[in-house]
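Beneath this line is the structure, given in structure tokens, with notes to follow.
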Amino acid sequence: MKYMLMVLGKQADYDAMSGKASSGSPAWSEADLKAMFDHMSALNDDLAESGEWVDGQGLTEPRQARLVTAGADGAPVISDGPYGEAKEVLAGYWIVDVPDFARAAEIAARAYACPLPEGAPHYPVVVQPVDTTSGTET
């Protein structure tokens with residue numbers, strides 16, 4: 001069964017990773033970044049080796065996201081976003097193909113255990129089954 005494991009974040013977290021601290025988001029050092037990248041790389045490598053990896057990506061900072069709707073003529077209407085009301089946004093994800101939710105939860109717990117600088121926010125990893133009833137899964 002396929003699951004999407006989602007890592008959350010805020011713009012302040014991305015700013016902190018580039019060395020700019022803010023309230024509740026201490027600046028990350030190069031060692032902090034290396035520890036995070038090493039942890040995630042090891043997880044990705046293990047998932048690929050076990051055959052559970054389907055896809056996974058880190059996303060750019062939220063300030064680069066855009067909201068798209070459609071005008072009356074169907075043409076895209078693009079605006080800056082997401083807006084400040086968003087508590088957290090999707091920062092990265094994995095799609096895994098595993099036997100059951102328990103295995104997906106084990107992987108999510110390992111992702112959650114990623115080292116962070118002291119005082120940095122620690123968000124839960126969202127685990128959601130991929131809908132295979134629509135016939136559009138890959």
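Ranking 119, 99, 51 by how far each Cα lies toward the positive end of the dipole of the stretch 22-120 (charges on Cβ) leaves 119 at the top.
Scanning residues 5 or more positions from residue 91 or on other chains, those with amide H under 5 Å from its amide H are 7, 8, 9, with H placed 1.01 Å from N in the peptide plane. Per-residue 3J(HN,Hα) values for the stretch 23-40, derived from phi via the Karplus relation 6.51 cos²θ - 1.76 cosθ + 1.60 with θ = phi - 60°, read 4, x, 9, x, 5, 8, 8, 4, 5, 4, 4, 4, 4, 5, 5, 4, 4, 5 Hz in sequence order (x marks Gly and Pro).
Note on 5, 90: ascending count of other Cβ atoms within 10 Å places them as 90, 5, the fewest first.
Please report how far the C-alpha centroid of the stretch 87-138 lies from that of the stretch 1-68, rounded to the nearest whole angstrom. Centre-to-centre distance over Cα atoms comes out at 11 Å. With each label modelled as a point 7 angstrom along the Cα→C-beta vector, the residue 31-residue 49 pair spans 2.7 nm.
Each Cα pair under 8 Å and six or more residues apart adds its sequence gap; the mean of these over the residue count of the stretch 2-129 is a relative contact order of 43 percent. Given R0 = 22 Å, the distance between the Cβ atoms of residue 67 and residue 87 translates into a calculated FRET efficiency of 0.85.
In deg cm²/dmol and to the nearest 500, what is the mean residue ellipticity at 222 nm of the chain if only DSSP H runs of at least 4 residues count, each as -39500 (n - 2.57), divided by the residue total?
Details: 3 runs with 40 residues, N = 138.
Calculated at 222 nm, the ellipticity per residue is -9000 deg cm²/dmol.
Fully extending the segment from residue 12 to residue 133, taken as 0.36 nm per residue of separation minus the present Cα-Cα distance, adds 39.8 nm. Largest first, the three principal axis extents of the alpha carbons in the chain are 48, 42, 19 Å in whole numbers.
Taking a straight line from the alpha carbon of residue 34, these lysines sit under 28 Å away, with near neighbours fewer than eight places off in the same chain left out: 10, 20, 87.
Values quoted throughout were computed directly from the atomic coordinates according to the rules given, and no laboratory measurement underlies them. As the structure is a prediction and not an experimental result, all values here were calculated from the model. Note that we place each Cβ from the backbone using ideal geometry, even for glycine, and neighbour counts take in every protein chain shown.
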